[in-house]
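The values are calculated or read from the model by the stated rules, or taken from the named source; none is laboratory data. The model shown is predicted, which means the values in this text are computed figures rather than measured ones. Here the Cβ positions follow ideal geometry from the backbone for every residue, glycine too, while neighbour counts run over all protein chains shown. Ligands, DNA and RNA are stripped out before the accessible areas are found, and what is left, the full protein with its side chains, is counted by its heavy atoms. Shrake-Rupley method; radii C 1.70, N 1.55, O 1.52, S 1.80 Å.
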Amino acid sequence: KGMGVVLQPSGAASLLRLLAICRKAGIPPERIWVDCLAKPFVLGKAVNRPVLERVSAMRRRGLQSLLALGNVSYGMKNRGRVEADFLRQATRRGLDACILDPLINAPPFSHGAFPRAGAQSHRSRRG
């Protein structure tokens, strides 16, 4: 069974403490999922650069990353296109999972539209 812990976006020290607690409890890093806390682009173009950096940082630490994709397009037109573009950027940085609305009018995706970063990363983690 899992348990959620909320960290502030600037909570690197909290994350390190959490990792230490998990390590002592025998929980391996690949079992830890971190929500990288995407923000609406209506707050500014650069608002999600730190989010993408957090995705990369989670990958480097061997942790699983996820995002609530609808957050990035909140209050915007063309939500599907905004979300698809951001998802593409995040998967290139190693995003493992996202929460999304499959009914949003997104541009059509072809098979292989996104890199298989997650699949490649999982193989490399196991050795």
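Being hydroxyl-bearing (Ser, Thr, Tyr) and part of a helix (DSSP H, G or I) is the filter here, so list the residues in the stretch 48-79 that pass it. Spell out the reasoning first.
Here is the first cut: in the stretch 48-79, the residues hydroxyl-bearing (Ser, Thr, Tyr) are 56, 65, 73-74.
The one that is hydroxyl-bearing (Ser, Thr, Tyr) and part of a helix (DSSP H, G or I): SER56.
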query: Are any residues in the stretch 37-53 closer than 30 Å to ALA20 by Cα and at pLDDT 90 or above, and if so, which ones?
result: ALA38, LYS39, VAL47, ASN48, ARG49, PRO50, VAL51, LEU52, GLU53
Single condition VAL34 does not satisfy, out of (1) modelled with pLDDT of 80 or more; (2) in a loop (DSSP other than H, G, I, E, B): (2)
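Return the residues of the stretch 110-126 that are open to solvent by 100 Å² or more (accessible area, probe 1.4 Å) and either part of a loop (DSSP other than H, G, I, E, B) or at pLDDT 85 or above (or both); say none if nothing qualifies. Talk me through it step by step, then tell me what you get.
Our first condition is that a residue be open to solvent by 100 Å² or more (accessible area, probe 1.4 Å); within the stretch 110-126, this holds for 111, 116, 120, 123, 126.
Listed by number, the residues that qualify are HIS111, ARG116.
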query: How many of the residues making up the stretch 70-79 are open to solvent by 40 Å² or more (accessible area, probe 1.4 Å), hydrophobic (A, V, I, L, M, F, W, C) and either closer than 23 Å to TRP33 by Cα or in contact with a Leu (Cβ under 9 Å, 6 or more places away or on another chain) (or both)?
result: 0
field: Members of the stretch 80-96 found to be under 15 Å from GLU53 (Cα atoms) and either assigned to a helix (DSSP H, G or I) or open to solvent by less than 20 Å² (accessible area, probe 1.4 Å) (or both), listed by number
entry: PHE86, LEU87, ARG88, GLN89, ALA90, THR91, ARG92, GLY94, LEU95
